[in-house]
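The values are calculated or read from the model by the stated rules, or taken from the named source; none is laboratory data. Being a predicted model, the structure only gives us computed values, none of them experimental. FYI the Cβ positions are ideal-geometry reconstructions off the backbone, even for glycines, and counts take in every protein chain you see. The area values use the complete protein model at the heavy-atom level, side chains included, leaving out ligands, DNA and RNA. Shrake-Rupley method; radii C 1.70, N 1.55, O 1.52, S 1.80 Å.
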Amino acid sequence: MAVIIPAKDESRRIAATVRSARAIPHVDLVLVVDDGSEDNTQHVAREAGAVVVRHSHNRGKAAAMETGAAVVAMRDAPDRPPRHLLFVDGDLADTAVNTAPLVPPVMDGIADLTIALLPPQPGAGGRGLVVGAARRAIASMTGWTPTQPLSGMRCLTREAFEAATPLARGWGVEAGMTIDLLRLGFRVLEVPCELRHRPSGTDLKGQLHRAAQYRDVQLAVNARRARAAASGVRRTMSPDQPRPGR
Ligand SMILES: O=c1ccn([C@@H]2O[C@H](COP(=O)(O)OP(=O)(O)O[C@H]3O[C@H](CO)[C@@H](O)[C@H](O)[C@H]3O)[C@@H](O)[C@H]2O)c(=O)[nH]1
Ligand SMILES: O=C(O)[C@H](O)COP(=O)(O)O
């Protein structure tokens, strides 16, 4: 099992997150992908015992996740099955170890993707707009209604990860991944985890962040709707079927 931590400017919390993640049973690799931080995230993470790779400029969370998975693949042993992947945010600090319940269902083959359900977060300022839009979009495309559609703490098999790539960009990654995997028949499970993260507030920074989340989720969902419609048209036009309009 490898933990992948995408991290942008997380120097205040990354050491505690890395140390805590190293204590998760079955984890033998903790990889931090420094996504073009302007602070010293990479050094702090390395000192705390993580393997660290770095984007020279900021590319967004989804790109950091893809980089992380590629690096894990390079470090897998040729004679052993590929490691499963556990994605953990850099701001969980001491609670990162509490993502441990995500692991057994994947290791035991009960689920292909597990998603953490977080308890209510003190200081969270959202009105549920982005969360609600993502939830409805996932439900309409898959028939499954997630409780926390944006939760990024996720454990999945390598097979599921590869089926979900290329990932949707930026903040669209979670909604895109859930839709893609469910539509391909993978099994998804939400698992309660006692996590504490730094929630977005109600200040301007928080609202701009939500606007970016909303935009990225819409882009991810629209691309998937278009793809589903196009594959529907292709099916209609396959040679053994009558063509539309004829
Ligand atoms: O350009 C970026 C921005 C952020 N991060 C990292 O991505 C993680 C999540 O970012 P955060 O700022 O904590 O975002 P939140 O709004 O708190 O994230 C919530 O919503 C996101 C989806 O919109 C999910 O990815 C998160 O897991 C979920 O906690 C953190 O480790 C960041 O350091 C990057 O790697 N690159
Ligand atoms: O704070 C959050 O949970 C996310 O930024 C989403 O915000 P929302 O509450 O507006 O959906």
Q: Quick one: P(r) of region 149-241 from all Cα-Cα pairs, 5 Å bins, percents rounded to integers, in order of increasing distance.
A: 2, 11, 18, 19, 18, 14, 9, 4, 3, 1, 1, 0
(Q) Keeping every protein chain present and rolling a 1.4 Å probe, give me the accessible area per residue for region 131-231 in Å². (A) 48
Q) Among bridges DSSP assigns within region 104-246, what percent are antiparallel (round to 5)? A) 40
Q: Using a 10 Å cut-off on Cβ atoms, rank the peptides 64-71, 114-121 from the highest mean neighbour count down.
A: 64-71, 114-121
Q. Could you give the nm distance between label points at ASN222 and GLU159, where each point is 7 Å from its Cα heading toward the beta carbon?
A. 3.5
Q.
Just to confirm, what accessible area per residue do you get for region 41-96 at 1.4 Å probe, in whole Å²?
A. 48
Q. Quick one: with all protein chains in place, what share of the accessible area of region 1-70 is carbon or sulfur, to the nearest percent (1.4 Å probe)?
A. 43
Q: Divide by every residue of the chain the summed helix terms, -39500 (n - 2.57) for each DSSP H run of at least 4, and state the resulting mean residue ellipticity at 222 nm, rounded to the nearest 500 deg cm²/dmol.
A: -13000 deg cm²/dmol
**Q.** FRET efficiency for THR147 and GLN121, using Cβ-Cβ distance with R0 set to 22 Å, rounded to 0.05
**A.** 0.95
Q. Between rounded, prolate and oblate, where does region 1-96 land on the alpha carbon gyration tensor, with a ≥ b ≥ c its root eigenvalues, rounded for a/c under 1.5, else prolate if a/b exceeds b/c?
A. oblate
Q) All other residues with a Cβ under 14 Å from the Cβ of ASP35 taken together, and with Lys, Arg as +1 and Asp, Glu as -1, what is their net charge? A) -3
Q) Between ALA70 and SER140, what is the spin-label point distance in nm, taking each point 7 Å from the Cα along the Cα→C-beta axis? A) 3.4
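Would you mind telling me the share, in percent, of accessible area of region 72-111 contributed by carbon and sulfur at probe 1.4 angstrom?
Accessible surface attributable to carbon and sulfur in region 72-111 totals 57 percent.
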Q) According to the square roots a ≥ b ≥ c of the eigenvalues of the Cα gyration tensor, what is the shape class of the chain, taking rounded for a/c under 1.5, prolate for a/b larger than b/c otherwise, and oblate for the remainder? A) prolate
